[in-house]
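Below is one structure, written out as structure tokens, with a few remarks after it.
What follows is calculated from the coordinates using simple rules that are stated; it is not laboratory data. Please read all numbers here as calculations on a predicted model, not as lab measurements. In this analysis, Cβ positions are derived from the backbone assuming ideal geometry, glycine residues included, and neighbour counts consider all displayed protein chains.
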């Protein structure tokens, strides 16, 4: 989402987006809907109402970094000011034997190989943002990614399913949806299917705590503490979500953009301990940012609450656009610092953009 501390880019980008969002008249898409929470999700979408977070208001944070949060770390090799960094530490892989392979493309984008041989994409966005926000960001002069996630034509053609967490332009890309094409099945939070390009796409809209089948997988849509919009006029008219991908008793959780709240404890109570947790750790500086984005210490506490057997952080990096961050890797430096301060026992698996790991 464009930086709210820069009203120029926010207004210009959302204005352009509103002009650009014109319903397609091509082949209609096939959309299934799966009910869950809130119970009236369909009515909210039909009436043009607004979705809300499950837990609202001021929520006490379980931990806070008070000082020396961004000290250099011997395992993070950086150019000055913590830019153009690379994590150089040895990777200690947990003995999960989950059958999942996680490939971090950068920012919030992942490619997942599942135990039943499927390929899933999570929030695939190449380039800095989807159009027209990428153009507006360049025009206004916001900080751009130094590198961007890339997906080959062959990789895209092998995609079985795509899961998007919300509509913000660094998480949902109609340009990339057109590149992926209609062969893949799209899983979306309730109300988001109308933002797909036309052309015969197959999609399933899901409310929180609903489930669908994809091959041998169970796909669960789960709550997140965030917000959703694509233009100046549609904020929170579609739901936002995290995703739990389950194969037999093995579970991979992608939290999407989210702040800390009780919903994580609810997830643990309903689904049990999580094997692989992909948790965001960035974009928490700025007015009210932490309400909808987790700090590294928030993520560490969440990983403990979820019983994560391994936590893979994301949101930092040379391919991240640094909304509300001090530098490209400041969030990673803070994570490693707070891991020591909190004596966190959750196994961390730190990836560089482009890294792939079999778990």
Kindly rank 152-159, 337-344 from highest to lowest mean number of other beta carbons found within 10 Å of each residue. 337-344, 152-159
Counting only C-alpha contacts under 8 Å and six or more residues apart, can you give the relative contact order of segment 277-340 as a whole percent? 41 percent
Contour minus end-to-end for residue 233 and residue 158, with contour as 0.36 nm per residue of separation and end-to-end as the Cα-Cα distance? 23.4 nm
Rank the residues 39, 275, 170 as a footprinting-exposure proxy: fewest other Cβ atoms within 10 Å of their Cβ go first. 39, 275, 170
If the chain between residue 273 and residue 249 were fully stretched, how many nm would it gain, using 0.36 nm times the residue separation less the Cα-Cα distance? 7.6 nm
Over segment 186-311, what is the relative contact order in whole percent, taking alpha-carbon pairs under 8 Å and six or more residues apart? 19 percent
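Give the relative contact order (percent, whole number) for the chain; include only Cα pairs under 8 Å separated by 6+ residues.
23 percent
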Once R0 is set to 45 Å, what does the formula 1/(1 + (r/R0)^6) return for the Cβ-Cβ distance between residue 27 and residue 77, expressed as a FRET efficiency to the nearest 0.05? 0.35
Starting from 0.36 nm per residue, how many nanometres of slack lie between residue 265 and residue 70 once their C-alpha separation is accounted for? 67.3 nm
